[in-house]
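Asker: Just dropping this structure here.
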Amino acid sequence: MTDTWWWDLLIGVAVAVVACWVALVVVLAAVRPRGGLLRESLRLLPDMLRLVRRLAADRDLPRGVRVRLWLLVAYLAVPIDLIPDFIPVIGYADDAIVVAAVLRSVVRRAGLDTVRRHWPGTPDGFTALTRLTGLSTPDAPESPR
């Protein structure tokens, strides 16, 4: 009788973990960048990671923004991903989607000038970042499609 209780608990925990994983994958699919922006976000991922690190270290930003950024850094540092990296294309896409979603909220809260000041990449990369985060910059050059 006691063994049955442990098996029920183990199965219940396994079902809960799988259900949470499926829910997170659905959320990632919902917030993913549309069109060619996902491909662009994968290309920009190294610059976006440097941007996240620089923004997280900026003491002038509100504490909530920095906490969000440090949580993102922790998520990226943990070797366990929602979708394993060995799966071609989508394995790294989950990291790019999570980074893009957090950067959307950070850019809206911190301001575009702060992000521009910390941006380590090219001006075209910054323009792509503004498209990715849903913001527009009137003075940014339009990149060819």
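Readers should treat all values here as calculations from the given coordinates under stated rules, not as data from a laboratory. Given the structure is predicted, the values throughout are model-derived calculations rather than measurements. All Cβ positions, glycine included, derive from the backbone under ideal geometry; neighbour counts span all protein chains shown.
Asker: How far apart, in nm, are the 7 Å Cα→Cβ label points at Trp6 and Arg108?
Answerer: Placing both labels 7 Å along Cα→Cβ, they lie 4.8 nm apart.
Asker: Here is a further query. Between Ala77 and Thr122, what is the label-to-label distance in nm when each label sits 7 Å out along the Cα-to-Cβ direction?
Answerer: Calculated label separation equals 3.2 nm.
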